[in-house]
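The values are calculated or read from the model by the stated rules, or taken from the named source; none is laboratory data. As the structure is a computational prediction, the values presented were derived from the model and not from experiment. Methodologically, a virtual Cβ is constructed for each residue, glycine included, from the backbone with ideal geometry; neighbour enumeration extends over all protein chains shown. Areas reflect the complete protein model, heavy atoms only, side chains present, ligands, DNA and RNA absent. Shrake-Rupley method; radii C 1.70, N 1.55, O 1.52, S 1.80 Å.
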There are 2 protein chains.
Amino acid sequence: MNEAFKALADPTRRHILQILRDKSMTAGEIADHFNISKPSISHHLNLLKQAGLVLDERQGQSIIYSLHTTVVEDVIGWMFGIINKQEKRD
Amino acid sequence: MNEAFKALADPTRRHILQILRDKSMTAGEIADHFNISKPSISHHLNLLKQAGLVLDERQGQSIIYSLHTTVVEDVIGWMFGIINKQEKRD
DNA sequence: TTCTTATTTAGATGTTTGGCTAAATATATA
DNA sequence: TATATATTTAGCCAAACATCTAAATAAGAA
């Protein structure tokens, strides 16, 4: 989950997740939302993928990225653990 | 909220939050949980404070740090926003 | 006031990160 | 096969970050 927290620390990467929330997209479509070079966006996508926050799938020439929510749920769980004082940790 | 996400990206700082979940502590007591110099822990505490994740209060010679959950709740809200596809953003 | 304890500030250093351009790879099409 | 399109990889650089030691500040005790 450390990689996920690190991935979430960057505003561009959080924005990518918000964009993917609405619909899955190719790397190029995602890049079109930013004033950042495609290689840089590709690098961000790779970090998000390593963190388990997105999935990628090649479709012809393009690679389609989609949200993967399992790890997000894990992070939410961790955060709730911080908030809920009464609940005893294992 | 960007500062909170950045603060959460570091494992030491997340550990500090977990420690403070159980009870508020002085900077020194917190530092005793780590093999890191006190100035470094002090720096982490300052970042957590800037991010609104902890509060500090002087009590005599010591400074007591405590969890502040409001921003954690905001972050959780953001994360839920990522997960819940159906919910339309404003 | 002087000494001790608790904590932070200052300044230095090595590592990580986010961005870039240029080159490489993968696929589709002519 | 040759060319075009989509994306990633490689290599570079400046800024940010995590850590350290030494010095400064704040409060209490002698």
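Anything in region A:22-35 that is of a type outside the set (Ser, Thr, Tyr) and either within 15 Å of A:Ile64 (Cβ to Cβ) or open to solvent by 60 Å² or more (accessible area, probe 1.4 Å) (or both)? List them, or say none.
Matches in region A:22-35: A:Asp22, A:Lys23, A:Met25, A:Ala27, A:Gly28, A:Glu29, A:Ile30, A:Ala31, A:Asp32, A:His33, A:Asn35.
For B:Lys6, are the conditions met, namely being within 9 Å of another protein chain (Cβ to nearest Cβ) and near DNA strand C (Cβ under 10 Å from one of its atoms)?
In short, yes.
Could you tell me which of the residues B:Ile19, B:Ile30 is near DNA strand C (Cβ under 10 Å from one of its atoms) and at pLDDT 95 or above?
Of the residues listed, the single one that is near DNA strand C (Cβ under 10 Å from one of its atoms) and at pLDDT 95 or above is B:Ile30.
For region B:68-77, does any single residue satisfy the condition of being within 14 Å of another protein chain (Cβ to nearest Cβ), touching an Asp or Glu at 6+ places or on another chain (Cβ under 6 Å) and within 21 Å of A:Leu8 (Cα to Cα)?
Taking region B:68-77 first, the residues within 14 Å of another protein chain (Cβ to nearest Cβ) are B:68-77.
Retained after the next criterion (residues that are touching an Asp or Glu at 6+ places or on another chain (Cβ under 6 Å)): none.
No, that holds for no residue.
Can you tell me how many residues within region B:33-52 are within 11 Å of DNA strand C (Cβ to nearest atom) and among the small types (Gly, Ala, Ser)?
3
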